[in-house]
Amino acid sequence: MMLYLVLFVALVIGLLWLFQIVLLDDFYRWDKTNQVRQASDTLVSNIDNEQLRHLIDRLAEENDVCVLLLDESGKTLLSSDDIRFCLIHRMSTRDLNWWLSITPEDGSVLTELFNVQFPQMTQYNSRSFRGKVPPTEVSQRQSLLCARRVTMVDGSTAYLLLNAIITPLDTTVSTLRSQLVLITIAVLLGALLLALFIARRVTRPIVDTNAAARALSRGTYQPPEHGGTYREMAELNGTLSRAAEELSQVERLQHELIANISHDLRTPLTMIGGYAEVMRDIPGEATPENLQIIIDESSRLTSLVSEVMDFSKLQSGGVTMEPAPFALTDNINAIVSRVSKLTEKDGYRIEYAPEEQLWALGDARRIDQVVYNLLGNALTYTGEDKRVIITQEQRGDAVRIGIRDTGKGISAEELPLIWNRYYRTKETHRRAIIGSGLGLSIVRSILELHGADYGVESEQRHGTCFWFELPAAADPSENAP
């Protein structure tokens, strides 16, 4: 930033030197030529005015030029000699006639700029003086001559000549050079100080934010004191703060998930080990009932491991869907029948009374997994009546399935978060009636891979309803020949 600002200032100073010193003479000659041309245009447009003499005198005085108006024979009609060393008033008749002969006949302006040496009027010798004095050499200046044909009131032809001396600008250039040297030093010094101030002021929040962002690797982030100086830096610090909070939350939820899964895995392992030791150490305990407990807990353990593996595959994108028409109602009936046999002995009741058989488009095996996980979640958190209600409804071209429990419900602030990875409600962890407790994460991943709509509706102390929709499909047997 310092370098860019200093280079910009140097460029501006360079342009000032170029236009004010190097090209000053060229701009002056160009401007003086325009003045003389404009003066000639003004005189031509007023050539028939009775007050033309006064206009000539005023233009000569204003523009520091001399003016000469001649007839065809070279006789002077009007004249104004207001500058020293005027050429047109000191020109020989021969030279004057030559200029008149080359003047364009179409009325356009003839302009010539040439060097003229003027004789020294005094006996001046620079060697006779001490110090910095003017040189003895004869002075030389540039003279600008403008000539054009004009038509008088009576129709006769006349010639308008204007002459201006291009005054050397040595003194002006010397003055400007001295000023520019001082301005250059002052501006460069000011630019350096300003660049240093701006660079430190702008980069300090960036440096502080960068140092604070390194703490993100440890899951913490403390916004720096000077991090909100600029809007962009304040937004960046806000983003980093939110990222730190989310990383911290994810890490906490991962720890909770590991603890909960460990608890869920440890319970069947403990029961399997305990019953096996009893059957080994106590005669007569190798009963079918004890063996069935070991088989049931082994099945539960297998189910837990399978769901953890499914969750990992879904999160890594290693699962693809194979949608096809399937009998959604029949599949849900089969799941309800299977789960009811496992939960009836504990008093749980699953209510599902479809009015018609509906087909849907989707991956039947994965949708069964969705229903199974939502049903397991509902059984885990249902109320004291241990009821779970499954509803089925056709809405246009879609089939909506809802699974409702009668539990405590979910608070409004937690409702948008329950689909997040690893998230659990603030309610004390319960051991899932069926499944691993990863159900909602698996449900979300499967439904999103299907492009299906899904959601949750909950009211505290009135239960929660999870729902999803699939495209409706026709029964293939109806179209069979």
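So how much accessible area does residue 154 have, in Å² to the nearest 10, using a 1.4 Å probe?
120
Along segment 390-403, what does the Karplus equation 6.51 cos²θ - 1.76 cosθ + 1.60 (θ = phi - 60°) give for ³J(HN,Hα), rounded to whole Hz, x for Gly and Pro?
10, 10, 9, 8, 9, 10, x, 9, 10, 10, 9, 10, x, 10
Can you pull the accessible area of residue 109 for me, 1.4 Å probe, Å² to the nearest 10?
Approximately 40 Å² of residue 109 is accessible to the 1.4 Å probe.
Would you mind getting the accessible area per residue of segment 52-116, heavy atoms of the protein chains only, 1.4 Å probe, in Å²?
Per residue, segment 52-116 has an accessible area of 59 Å².
Viscosity 0.890 mPa s, temperature 25 °C: what is the translational diffusion coefficient of segment 279-375 from Stokes-Einstein with a Kirkwood Rh over Cα pairs, rounded to a whole number of µm²/s?
Numbers: Rh = 16.4 Å.
The calculation lands on 150 µm²/s.
Which ³J(HN,Hα) values, rounded to whole Hz and listed in residue order, are derived for segment 34-41 from phi using the Karplus coefficients 6.51, -1.76 and 1.60 in 6.51 cos²θ - 1.76 cosθ + 1.60 with θ = phi - 60°, glycine and proline given as x?
4, 4, 5, 4, 5, 4, 5, 4
Tell me which of 73, 33, 114 sits at the most positive position along the dipole axis of segment 24-128, charges placed on C-beta atoms (Lys, Arg +1; Asp, Glu -1).
Farthest towards the positive pole: 114.
For segment 460-468, what does the Karplus curve 6.51 cos²θ - 1.76 cosθ + 1.60, with θ = phi - 60°, yield as ³J(HN,Hα) per residue in whole Hz, taken in order and with x for Gly and Pro?
After applying 6.51 cos²θ - 1.76 cosθ + 1.60, I find 4, 6, 10, x, 9, 10, 9, 9, 8 Hz.
Excluding same-chain residues fewer than 8 positions from residue 341, which lysines have a Cα within less than 28 Å of its Cα?
Residue 341 reaches 386, 408.
Order 4, 28, 159 by their accessible area, 1.4 angstrom probe, all chains in place, largest first. Let's see the in-between values first.
Numbers: 4 170, 28 60, 159 20 Å².
The ranking, largest first, comes out as 4, 28, 159.
If you count, for each residue, the other Cβ atoms within 10 Å and average over each peptide, how do 39-45, 62-68 line up from highest to lowest?
On the way: 39-45: 16.4, 62-68: 20.4.
By packing density, highest mean first, the sequence is 62-68, 39-45.
The values are calculated or read from the model by the stated rules, or taken from the named source; none is laboratory data. On a predicted model such as this, the values are computed, not experimentally measured, just so you know. So basically every Cβ, Gly included, is an ideal-geometry build from the backbone, and we count neighbours across all protein chains shown. Note: areas computed on protein heavy atoms with side chains; ligands, DNA, RNA excluded. Shrake-Rupley method; radii C 1.70, N 1.55, O 1.52, S 1.80 Å.
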